[in-house]
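Heads up: the structure comes next, in structure tokens.
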2 protein chains.
Amino acid sequence: MKPIQVGLLGIGTVGSGTFQVLARNQEEIRRRAGRGIEITMVADLDTARARSIVGDGVRVVGDAREVIANPDIDVVVELIGGYGIAKALVLEAIAAGKHVVTANKALLAVHGQEIFKAAHEQGVVVAFEAAVAGGIPIIKALREGLTANQIQWVAGIINGTTNFILSEMRDKGLDFDVVLKEAQRLGYAEADPTFDIEGVDAAHKATIISAIAFGIPVQFDKAYVEGITKLAAADIKYAEQLGYRIKLLGITKRTERLQADGTAVRGVELRVHPCLVPAKRLIANVEGAMNAVLVQGDAVGATLYYGKGAGSEPTASAVIADLIDIARLIDADPAHRVPPLAFQSHTLAAAGGELPVLPMADVVTSYYLRIRVADEAGVLARITGLLAGAGISIDAVLQREADEVGGEGSTQTDLIILTHETREGDMDAALAQIQQLPTVLAPITRIRKEELN
Amino acid sequence: MKPIQVGLLGIGTVGSGTFQVLARNQEEIRRRAGRGIEITMVADLDTARARSIVGDGVRVVGDAREVIANPDIDVVVELIGGYGIAKALVLEAIAAGKHVVTANKALLAVHGQEIFKAAHEQGVVVAFEAAVAGGIPIIKALREGLTANQIQWVAGIINGTTNFILSEMRDKGLDFDVVLKEAQRLGYAEADPTFDIEGVDAAHKATIISAIAFGIPVQFDKAYVEGITKLAAADIKYAEQLGYRIKLLGITKRTERLQADGTAVRGVELRVHPCLVPAKRLIANVEGAMNAVLVQGDAVGATLYYGKGAGSEPTASAVIADLIDIARLIDADPAHRVPPLAFQSHTLAAAGGELPVLPMADVVTSYYLRIRVADEAGVLARITGLLAGAGISIDAVLQREADEVGGEGSTQTDLIILTHETREGDMDAALAQIQQLPTVLAPITRIRKEELN
């Protein structure tokens with residue numbers, strides 16, 4: 001069979017990895033795919049650098065639209081990133097009848113509906129294994145490996161930068177700011193690390209996961225996003241003493257329950273935030289810049305997928321796996337393809353329909369609270385009384401010696417409380433009251449806790 | 001589209017799980033597969049029990065050949081197990097033009113070549129996700145998720161019974177025999193546990209993995225198989241002190257090296273044996289009856305897949321995933337299918353060809369040695385001298401106090417040695433010499449060690 005001709009838009013880190021792996025493993029790939037896969041055209045603004053990577057056998061152009069316009073190109077690989085020009089080019093490639101492979105999570109999380117709709121109408125594939133958790137084949141696992149299951153929840157360490165920072169904070173007992181600088185120096189964090197440390201990148205990926213796990217539209221605007229910038233070394237230490245690790249998790253969960261007042265809550269949770277996880281769980285032991293995704297299905301139970309979530313060749317591994325999937329089915333009737341969002345497109349739930357993304361107030365989870373209080377009698381009783389009044393029950397309390405926390409002669413101490421599961425709306429109300437107590441001396445730290453079992 | 005009609009051969013634990021999950025999640029499965037999947041016929045010797053599981057809507061027969069002969073049946077699911085009648089039925093189903101899904105690792109590891117050849121000639125699929133690591137989609141990961149990679153090695157905890165026993169031995173400091181009885185009482189080990197504890201089940205699975213990882217034939221007869229029956233509580237304890245855990249691993253690895261004498265060794269290692277693994281590796285922390293498979297690819301690096309390796313619904317999850325894959329492509333040209341052994345059949349290596357399975361003497365690994373010696377001067381020097389003479393270098397030595405090992409007044413002690421990597425043939429020769437020393441008082445314990453990095 002004739003080789004598949006691929007055009008790359010953008011040849012930076014992932015693009016050059018894709019070119020190199022395709023070249024190095026071309027024989028192995030041909031034996032698997034049943035046909036060759038060749039990058040025959042590359043568009044990059046820096047044509048000289050692009051030329052230095054791909055050599056003379058590949059056509060290099062400065063204008064991505066030349067790739068899209070080339071009738072010989074079967075698949076366009078978009079590696080530009082961002083929502084701007086990348087969006088226009090992906091839509092133009094689809095309109096031109098090209099299959100598209102992309103690693104662009106931001107684009108899919110925000111504009112996915114429009115893109116998938118256009119692809120469906122044109123009868124082309126938009127594949128995106130590389131957009132979530134780099135080289136780990138988690139999209140394939142969710143979309144094909146676990147198809148027998150009702151997915152109940154997915155919880156993942158899906159941002160390597162923040163996991164590296166949290167690992168370092170725990171290992172070395174350092175605060176966030178110090179470790180961030182170190183991570184930037186080592187290349188684990190970008191010069192502008194906002195998307196990573198504020199949880200936005202993880203939320204893009206969690207949004208894509210929620211869509212394929214539950215057959216709902218990508219709805220990034222409904223995701224709850226909280227980063228790691230306010231985490232203190234003290235919280236990591238206290239969590240450790242209680243048998244937990246703190247990880248930045250992307251969580252999406254199907255929820256259905258009847259509330260005390262008789263109203264039903266039914267929908268999908270979609271949230272990214274720091275989270276206490278029992279130290280004995282495998283996912284709590286994922287260190288450094290590694291990623292891991294834990295999936296709970298009703299038949300299979302928990303399965304976990306672990307590996308490198310970023311980097312040139314790990315991400316290229318996912319891009320090429322998508323190219324091979326496309327190569328196998330490029331001449332087949334579209335009915336034979338795996339639907340890009342896991343469910344057949346006419347069966348996808350509507351946004352806000354039967355499975356709406358729930359507001360955070362309706363999320364039920366347990367909590368870690370760190371409350372800086374005056375070290376005097378009756379403080380604990382008043383706080384636990386307010387929690388009890390809000391129907392929140394307590395799992396464990398850790399009260400430190402004032403000296404240990406504030407130094408010798410200190411009149412302040414930290415009160416650490418782990419709660420049982422409660423509605424976030426109820427917790428918000430209780431914390432607002434507790435914050436008003438005169439013996440509470442600083443803003444309360446509240447970190448959610450998941451048992452993941 | 002018309003639903004796919006499935007016939008089950010055998011409705012025990014996995015069969016009833018498959019029936020129940022298909023019924024419970026039928027709506028979700030239809031939304032994913034684009035068509036229904038229905039079990040319309042079941043064959044089991046115990047027709048009364050079969051009837052009690054499937055109710056009145058399904059035809060129950062005592063003779064599996066009635067299922068195969070039924071022209072309405074699209075897919076036959078073989079859940080009988082073993083090499084006997086299961087082999088005949090699978091070949092007959094293929095001859096009748098049925099697609100086959102099987103969880104039968106023993107059958108595929110031993111007779112896979114014959115079965116895959118027959119299926120290829122008939123243009124039908126033989127799918128076997130459930131045969132390796134239960135509900136973990138590891139076959140799909142290797143065959144489709146990691147297709148861009150040259151797989152370098154795979155190491156897996158792929159037998160839950162032995163992992164449960166090893167976890168209990170470590171947790172409770174008990175010897176193998178005691179824990180085996182406990183495991184049998186709890187249902188984690190069968191009344192005749194031979195296949196599990198002698199490593200045969202793990203070797204069946206490792207054999208299948210080796211075929212799809214490297215594009216070689218299934219060659220169970222070439223696998224090296226060593227179980228856990230000779231492991232002592234003392235070895236687990238010493239390993240722990242040195243920073244290792246002992247796991248029963250199925251390992252398959254592509255090897256190519258030039259030896260000192262100028263000859264080349266090129267082939268695939270295929271071995272199951274107890275193995276020291278650094279305690280900090282994620283796979284070393286897989287406890288109880290859980291499975292995990294670690295895959296090293298040249299582009300993606302290490303990825304790990306974790307979950308339940310057995311049980312009714314976890315295994316059913318894998319069976320149904322295969323059924324959905326088949327449902328999607330049942331009307332398509334066979335050229336569009338993923339090849340069952342990952343590589344297009346005409347590109348599979350021949351047995352004993354370019355990538356032969358290597359004899360254990362040619363395997364290079366490092367070792368843990370426990371040598372019971374007389375507690376007298378010069379013993380360590382003689383032993384290390386013999387190792388050095390064989391070109392084996394030492395990584396660490398742990399010498400226990402005689403009293404601690406043999407009780408007060410003991411004149412015997414344990415010498416624990418970790419070696420660097422060496423050829424197994426050279427280690428065998430050195431150990432034969434050491435075993436002859438008059439100061440070596442018992443058979444030497446030798447456990448292989450893998451860093452898995």
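I'd like the accessible area for A:Phe195, computed on protein heavy atoms only with a 1.4 Å probe and all protein chains in place. Round to 10 Å², please.
100 Å²
So if I average 1/r over every pair of distinct C-alpha atoms in region B:309-453 and take the inverse, what Kirkwood radius in Å does that give?
Details: mean 1/r = 0.0507 Å⁻¹.
It works out to 19.7 Å.
Measure nothing fancy, just the Cα-based angle from helix A:85-95's long axis to the longest principal axis of chain A, in degrees from 0 to 90, nearest 10.
The helix A:85-95 is inclined about 50 degrees to chain A.
Counting Lys +1, Arg +1, Asp -1, Glu -1, what net charge surrounds B:Val265 among other residues with beta carbon under 11 Å of its beta carbon?
Numbers: positive: B:Arg257, B:Arg266, B:Arg423; negative: B:Glu256, B:Asp261, B:Glu269, B:Asp362.
That sum, taken over residues with Cβ under 11 Å, equals -1.
Helix-only estimate, please: 222 nm mean residue ellipticity of the protein assembly as shown, summing -39500 (n - 2.57) across DSSP H runs of length 4 or more and dividing by its residues, to the nearest 500.
So the calculated ellipticity at 222 nm is -11000 deg cm²/dmol.
Reported to two decimal places, what Rg/Rh ratio describes region B:100-246 when computed on Cα atoms with Rh from the Kirkwood expression?
Details: Rg = 17.3 Å, Rh = 16.8 Å.
Rg/Rh for region B:100-246 comes to 1.03.
Just how large is the dipole of region B:236-386 about the Cα centre, in debye to the nearest 20, putting +1 at every Lys and Arg Cβ and -1 at every Asp and Glu Cβ? Each step should come with its number before you reach the end.
Working: 16 positive and 15 negative charges, 114 e Å.
The dipole of region B:236-386 has a size of about 540 debye.
Among B:Glu421, A:Glu451, what's the order by accessible area (1.4 angstrom probe), most exposed first?
B:Glu421, A:Glu451
Where only protein heavy atoms count, and the probe is 1.4 Å, what is the accessible area per residue for region A:194-352 in Å²?
Values: 4830 Å² over 159 residues.
Spelled out: the 1.4 Å probe surface of region A:194-352, per residue, equals 30 Å².
Please list, in chain and number order, the residues 5+ apart from A:Gln344 or on another chain whose amide H is under 5 Å from its amide H, with Hs placed from the backbone.
B:Arg32, B:Gly34
Counting only protein heavy atoms and rolling a 1.4 Å probe, how much accessible area do B and A lose on contact, total for both sides, in Å² to 100? Write down the numbers at each step before the final one.
Working: alone 18970 and 18980 Å², together 32890 Å².
Summing both chains' loss of accessible area gives about 5100 Å².
With every protein chain present, what accessible area does A:Asp331 have (1.4 Å probe, heavy atoms only), rounded to the nearest 10 Å²?
Looks like 100 Å² after rounding.
In degrees between 0 and 90, to the nearest 10, how far off the longest principal axis of chain B does helix B:13-24 point, with axes built from Cα atoms?
On a 0 to 90 degree scale, this one is about 50.
Using modelled amide H (1.01 Å from N, peptide plane; none on Pro or chain starts), what sits under 5 Å from the amide H of A:Leu249, excluding residues fewer than 5 places away?
Answer set, sorted by chain and number: A:His273, A:Cys275.
Considering protein heavy atoms only and a 1.4 Å probe radius, which residues within region B:138-154 exhibit an accessible-area decrease of no less than 40 Å² in the full assembly relative to the chain by itself?
Buried-area filter returns B:Lys140, B:Glu144, B:Gly145, B:Thr147, B:Ala148, B:Gln150.
Cα atoms only: what Rg and Dmax, in Å, come out for region B:68-167?
Considering region B:68-167 through its Cα atoms, Rg and Dmax are 15.3, 49 Å.
Could you give the C-alpha radius of gyration of the protein assembly as shown expressed as a fraction of 2.2 N^0.38 Å, taking N as the number of residues it contains?
Values: Rg = 28.9 Å, N = 906, 2.2 N^0.38 = 29.3 Å.
That works out to 0.99 for the protein assembly as shown.
If r is the Cβ-Cβ distance from B:Glu240 to A:Glu451 and R0 is 25 Å, what FRET efficiency results, to the nearest 0.05? Don't skip to the answer; put the middle values down first.
Numbers: r = 27 Å, r/R0 = 1.09.
Calculated value: 0.35.
Quick one: which residues, 5+ away or cross-chain, put their amide H under 5 Å from the amide H of B:Val218? H built at 1.01 Å from N.
Result for B:Val218 returns B:Gln113.
Residue by residue, what Karplus-based ³J(HN,Hα) values in Hz, rounded to whole numbers, does region A:245-250 have, using 6.51, -1.76 and 1.60 with θ = phi - 60° and x for Gly and Pro?
The phi angles translate into 10, 9, 10, 7, 10, x Hz.
Report, please, the projected area of region B:206-347 averaged over directions, based on the convex hull of its C-alpha atoms, in nm².
On the way: hull surface 50.7 nm².
Taking a quarter of the hull surface, the average projection is 12.7 nm².
State, in angstrom, two size descriptors of chain B derived from its alpha carbons: Rg to one decimal place and Dmax to the nearest whole number.
24.3, 81
Taking the Cβ of A:Val405 as the centre, find all other residues whose Cβ is under 10 Å away and add up their charges (Lys, Arg: +1; Asp, Glu: -1). Don't skip to the answer; put the middle values down first.
Numbers: positive: A:Arg372, A:Arg400; negative: A:Asp375, A:Glu401, A:Asp403, A:Glu404, A:Asp414.
Result for the local shell: -3.
Whole-Hz Karplus ³J(HN,Hα) for region B:67-81, in order, using 6.51 cos²θ - 1.76 cosθ + 1.60 and θ = phi - 60°, x for Gly and Pro?
Once θ is set to phi - 60°, the couplings for region B:67-81 become 5, 4, 7, 6, x, 7, 7, 8, 10, 9, 9, 9, 10, 8, x Hz.
At B:Gln20, label 7 Å along Cα→Cβ: distances to the other copies, nm, ascending?
Nearest first, the other copies' label points are 5.0 nm away.
Counting only C-alpha contacts under 8 Å and six or more residues apart, can you give the relative contact order of chain B as a whole percent? Before the final figure, lay out each step's value.
Details: 958 pairs, mean separation 72.0, N = 453.
RCO, chain B: 16 percent.
Quick one: putting +1 on the C-beta of Lys and Arg, -1 on the C-beta of Asp and Glu, what dipole do you get for region B:313-453 around its Cα centre, in Debye to the nearest 20? Provide the component values of the computation, followed by the final result.
Details: 10 positive and 21 negative charges, 58 e Å.
Taking the Cα centre of region B:313-453 as origin, the dipole is about 280 debye.
Rounded to the nearest percent, how much of the accessible area of region B:115-185 (1.4 Å probe, protein heavy atoms only) is carbon and sulfur?
Values: 970 of 2100 Å².
Its accessible area is 46 percent carbon and sulfur atoms.
Could you order B:Glu129, A:Glu198 so the one with the most accessible surface comes first? Probe is 1.4 Å. Numbers along the way, then the final one.
Details: B:Glu129 10, A:Glu198 70 Å².
Sorted descending by solvent-accessible area, the residues read A:Glu198, B:Glu129.
Quick one: net charge of B:Tyr244's neighbours, Cβ under 14 Å, K/R +1, D/E -1? Kindly include the intermediate steps, with their values, before the conclusion.
Details: positive: B:Arg170, B:Lys237, B:Arg245, B:Lys247, B:Lys280, B:Arg281, B:Arg370, B:Arg448, B:Lys449; negative: B:Asp235, B:Glu240, B:Asp395, B:Glu450, B:Glu451.
So the environment of B:Tyr244 carries a net charge of +4.
Strictly greater than 15 Å: what percent of every Cα pair in region A:166-252 meets that?
Numbers: 2361 of 3741 pairs.
So the portion of pairs separated by more than 15 Å is 63 percent.
Would you tell me the accessible area of A:Lys222, worked out with a 1.4 angstrom probe on the heavy atoms of the protein chains, in Å² to the nearest 10?
90 Å²
Taking θ = phi - 60°, what integer Hz values does the Karplus form 6.51 cos²θ - 1.76 cosθ + 1.60 yield along region A:107-124, in sequence order, with x for Gly and Pro?
Result, rounded to whole Hz: 4, 5, 5, 9, 10, x, 4, 4, 5, 5, 5, 4, 5, 4, 5, 7, x, 10.
Within region B:42-186, what is the number of lysine pairs with alpha carbons under 23 Å apart, leaving out pairs fewer than eight places apart on the same chain?
9
Can you give the accessible area per residue of region A:374-424, in Å², using a 1.4 Å probe?
Values: 2580 Å² over 51 residues.
Ligands and nucleic acids excluded, the figure is 51 Å² per residue.
Working from the pairwise distances between different alpha carbons, so that the mean of 1/r is found and then inverted, what is region B:265-320's Kirkwood radius in Å?
Details: mean 1/r = 0.0722 Å⁻¹.
Roughly 13.9 Å, rounded to one decimal.
Order B:Lys230, A:Lys253 by their accessible area, 1.4 angstrom probe, all chains in place, largest first. Don't jump to the answer; show the numbers that get you there.
Details: B:Lys230 185, A:Lys253 40 Å².
The residues order as B:Lys230, A:Lys253, largest area first.
For region B:187-250, which whole percent of the accessible surface, found with a 1.4 angstrom probe, sits on carbon and sulfur atoms? All intermediate terms of the calculation are to be shown ahead of the outcome.
Values: 1100 of 2170 Å².
Heavy-atom surface of region B:187-250 belonging to carbon and sulfur, 1.4 Å probe: 51 percent.
Rounded to the nearest 20 Debye, what is the dipole magnitude of the protein assembly as shown about its Cα centre when Lys and Arg each give +1 and Asp and Glu each give -1 at the C-beta?
On the way: 88 positive and 112 negative charges, 214 e Å.
Once rounded to the nearest 20, the dipole reads 1020 debye.
Apply 1/(1 + (r/R0)^6) to the Cβ-Cβ distance of B:Val397 and B:Ala264, taking R0 = 45 Å, and write down the FRET efficiency to the nearest 0.05.
0.85
At 20 °C and 1.002 mPa s, grab the translational diffusion coefficient of region B:10-138 from Stokes-Einstein with a Kirkwood Rh over Cα pairs, rounded to a whole number in µm² per second. List each step's numbers first, then the result.
Numbers: Rh = 15.2 Å.
Taking Rh from Cα pairs, D becomes 141 µm²/s.
The values are calculated or read from the model by the stated rules, or taken from the named source; none is laboratory data. What you see is a predicted model, and the numbers here were worked out from it, not measured in a lab. Backbone-built Cβ (ideal geometry, glycine too); neighbour counts: all protein chains shown. For accessibility, only protein heavy atoms count, side chains too; no ligands or nucleic acids. Shrake-Rupley method; radii C 1.70, N 1.55, O 1.52, S 1.80 Å.
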